[in-house]
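Down below is the structure, laid out as structure tokens.
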Amino acid sequence: MTDLSTCPKCDSEEFVATAFGLTRGRQIGITTGLVKKVTPSVYVCCDCGYLEMWVDSKEDLQEIRNYYLDKPAVSKETVKI
């Protein structure tokens, strides 16, 4: 559904695209800081129920990249359990 024309599972043209998340009262998001998060767009087929989540914005993708990939990896030796 990334081309926004048909469902990849059933070829339906009836789907909903929303950026409001999947749960009532709470948005699904990808944490990119202490209080920051990126909310993916959710695409739902109205015929078969198939859904996909995508981060549509290049700026949001860069924010995710900066937060997760630009941090030094934490080794098992530095984590105390």
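The values are calculated or read from the model by the stated rules, or taken from the named source; none is laboratory data. Quick caveat: nothing in here was measured; it's all calculated off a predicted structure. Here the Cβ is made from the backbone with ideal geometry for all residues, glycine too, and neighbour counts use every protein chain on show.
Step by step: first the residues of the range 25-66, then only those that are part of a strand (DSSP E or B), closer than 26 Å to Pro8 by Cα and more than 13 Å from the chain's Cα centre (by Cα), then the one that is modelled with the highest pLDDT. Which residue is that? Walk me through how you get there before you give the answer.
Residues of the range 25-66 part of a strand (DSSP E or B): 26, 30-31, 37-38, 41-45, 51-54.
Then keep just the ones that are closer than 26 Å to Pro8 by Cα; that gives 30, 38, 41-45, 51-54.
The next check asks that each one be more than 13 Å from the chain's Cα centre (by Cα); those that pass are 44-45.
On the way: Val44: 89, Cys45: 92.
Per the criteria, the residue is Cys45.
Got at least one residue in the range 16-24 being modelled with pLDDT of 85 or more and surrounded by 12 or more Cβ atoms within 10 Å (Cβ to Cβ)?
Checked the range 16-24: no residue is modelled with pLDDT of 85 or more and surrounded by 12 or more Cβ atoms within 10 Å (Cβ to Cβ).
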Contact list please: Cβ distance under 9 Å, first residue in the range 29-40 and surrounded by fewer than 16 Cβ atoms within 10 Å (Cβ to Cβ), second residue in a loop (DSSP other than H, G, I, E, B) and charged (D, E, K, R), pairs at least six apart or on different chains.
Gly29/Lys36
